[in-house]
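Input: a single structure, listed below in C-alpha cells.
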Amino acid sequence: MKKFIIALFLVNVFCFNIHPETWVLEDNDYSPPSPPIRLVFHNIGRNLFDAVTYNYGINFIGAGLGTWAFIETGLDWKWRNIAKNTVGLPNFGLPGSYLGYIVPGLTPLVTYAAGRLIRNTKLQIASFALAQALLLTMAVQTPLKMITGRALPGIVDKLDHSKSRRTDDFSGEFNWFNSNFIGGWPSGHTANAFAAAAVISEIYKDNLWLKIGVWTYAGLIGLGVTSDIHWASDALAGALIGYAIGKTVGKSFSKVLGNSVSDCKASFYFTTEAAGVVIRF
C-alpha cells in the first residue's frame, strides 16, 4: 500500500498537467472562472528537469565554471575588498538583503490576490508561475548551499553574517556537505529575483516597461548582495540558475495561457563530409 501511494504521488508530480485549452484567454485578458490553486504544481516535475537541462545545461555548468574563474582570477577577492573597504558601499546592498527575503514570497500572494480582486485570469496564473519558480529555485539552491558550504565573504555584521579580519584570500574555501542552507553558493536572493524576472518577462512579453522594471530589480538585487553578504560569483551563479528556472516555468505557464511560445530547438549533426547545427523554430 505504501509503495502504491508513493508511486501515485510521483505520477501526480511528474505527469500532472492542466489542459492549456481550458484557460485560453480572450483579447481583454479577463475570464470569469478562477483557475484552481493546484495549478501551482502544473508540470512541476518536468519543469524542474527542463530547467536543469536548459540550454543543454549550460546555465548550471556556467554557474560552476564562472565561480571557478572568479576565484582563480582573484575577481571575487578583489571585489570583496572593494566592498568592505569602501565607506557606504555595503549599505547599498542593505535594502536588497532584506527585500530578497520578503519580496519572493510576498509577490505571488499579492499578485494572486490582485488577480482575484479584478478577476484577471492571466494575473492569477502569473502568480502560480511565480510561486512554482520560487519553489523550484529553493529546491535547487538549498541543497547546493548545503553541499558546497562556501565560506562567507565577511563584509558586514548583520543577520547571520560577521565581518572577517582575515587578510588571506579565502574566496576558494568550501566546507563540503555543510548543513548551512542560508548563506553561501549560489546566492538565493539573486536566483529568486532572476527567476521571477524571467517568469514575468515570458508571460508579459509585450509589456516593455514591466520587463525593464523586473530586470532592473533583479540586477540591483544581484549587485547589492555582492556588496555585503555574497561573493560576486555567488550572484553570477544565482543569476544563471534563476534565469534557467524562470525561463522554463514561464514558458510552461505561457502555454497554459494559450500564448504562443517560441521554442527554438538546436541539434548537432555530423557526417563524413560536414558538421553543423540545425535550429528549429
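The values are calculated or read from the model by the stated rules, or taken from the named source; none is laboratory data. This structure is a prediction, so every number in the text was calculated from the model and none was measured. As a convention, Cβ positions derive from the backbone with ideal geometry for all residues, glycine included, and neighbour counts pool all protein chains shown.
Would it be correct to say that Asp228 is in a loop (DSSP other than H, G, I, E, B) and within 21 Å of Glu173 (Cα to Cα)? Yes, satisfied. Taken over region 56-74, the criterion of being hydrophobic (A, V, I, L, M, F, W, C) and crowded, with 17+ Cβ neighbours inside 10 Å is satisfied by Phe60, Ala63, Phe70, Ile71. All of (1) within 22 Å of Lys251 (Cα to Cα); (2) part of a loop (DSSP other than H, G, I, E, B) hold for Gly184 with one exception: (1). When Ile200, Ile245 are checked against the criterion of being in a helix (DSSP H, G or I), farther than 22 Å from Ile147 by Cα and of a type in the set (A, V, I, L, M), a single residue qualifies: Ile200.
For region 154-191, a residue qualifies if it is among the acidic types (Asp, Glu) and within 19 Å of Thr86 (Cβ to Cβ), and the qualifying residues are Asp157, Asp169. Annotation: Phe174 fulfils all but one of (1) closer than 23 Å to Val52 by Cβ; (2) crowded, with 20+ Cβ neighbours inside 10 Å; (3) in contact with a strand residue (DSSP E or B) (Cβ under 8 Å, 6 or more places away or on another chain); the unmet one is (2).
Which of the numbered conditions does Ala151 fail, given that it passes all the others? Conditions: (1) touching a His at 6+ places or on another chain (Cβ under 6 Å); (2) more than 19 Å from Ile221 (Cβ to Cβ). Checking Ala151 against (1) touching a His at 6+ places or on another chain (Cβ under 6 Å); (2) more than 19 Å from Ile221 (Cβ to Cβ), the one that fails is (1). Within region 203-216, the set of residues being assigned to a helix (DSSP H, G or I) and closer than 20 Å to Phe128 by Cβ comprises Ile203, Leu210, Lys211, Val214. Regarding Ile125, is this residue loosely packed, with under 14 Cβ neighbours inside 10 Å and of a type in the set (Val, Ile, Thr)? Considered against the rule, which asks whether it is loosely packed, with under 14 Cβ neighbours inside 10 Å and of a type in the set (Val, Ile, Thr), Ile125 comes out as no.
Within region 135-160, restricting attention to residues that are in contact with a Gly (Cβ under 7 Å, 6 or more places away or on another chain) and surrounded by 13 or more Cβ atoms within 10 Å (Cβ to Cβ), the residue that is nearest to Thr226 (Cα to Cα) is Leu152.
Of the residues making up region 73-90, at least one is touching a residue at least 40 places away in the same chain (Cβ under 8 Å), more than 23 Å from Tyr217 (Cα to Cα), assigned to a loop (DSSP other than H, G, I, E, B) and over 15 Å from the mean Cα position of the chain (by Cα). Of all the listed residues (Gln124, Gln141, Gln132), the sole one being under 19 Å from Leu223 (Cα atoms), polar (S, T, N, Q) and outside any loop (DSSP other than H, G, I, E, B) is Gln141. Applying the criterion of being under 18 Å from Tyr101 (Cβ atoms) and among the aromatic types (Phe, Trp, Tyr) to the residues of region 193-219, the residue that is surrounded by the fewest Cβ atoms within 10 Å (Cβ to Cβ) is Tyr217. Within the option set Phe194, Phe177, being part of a loop (DSSP other than H, G, I, E, B), touching a residue at least 12 places away in the same chain (Cβ under 8 Å) and out of contact with any Asp or Glu (no Cβ under 9 Å at 6 or more places or on another chain) holds for one residue only, Phe177. In this structure, does Pro104 turn out to be out of contact with any Asp or Glu (no Cβ under 6 Å at 6 or more places or on another chain), surrounded by 15 or more Cβ atoms within 10 Å (Cβ to Cβ), touching a residue at least 12 places away in the same chain (Cβ under 8 Å) and under 23 Å from Leu220 (Cβ atoms)? Yes. Residue check, Gly222 against (1) surrounded by 24 or more Cβ atoms within 10 Å (Cβ to Cβ); (2) touching a residue at least 40 places away in the same chain (Cβ under 8 Å); (3) not aliphatic (A, V, I, L, M), all met but one. Which one? With respect to (1) surrounded by 24 or more Cβ atoms within 10 Å (Cβ to Cβ); (2) touching a residue at least 40 places away in the same chain (Cβ under 8 Å); (3) not aliphatic (A, V, I, L, M), Gly222 is out only on (2). Put simply, of Gly188, Gly154, Gly149 the only residue that is within 13 Å of the chain's Cα centre (by Cα), of a type outside the set (Val, Ile, Thr) and modelled with pLDDT under 95 is Gly188.
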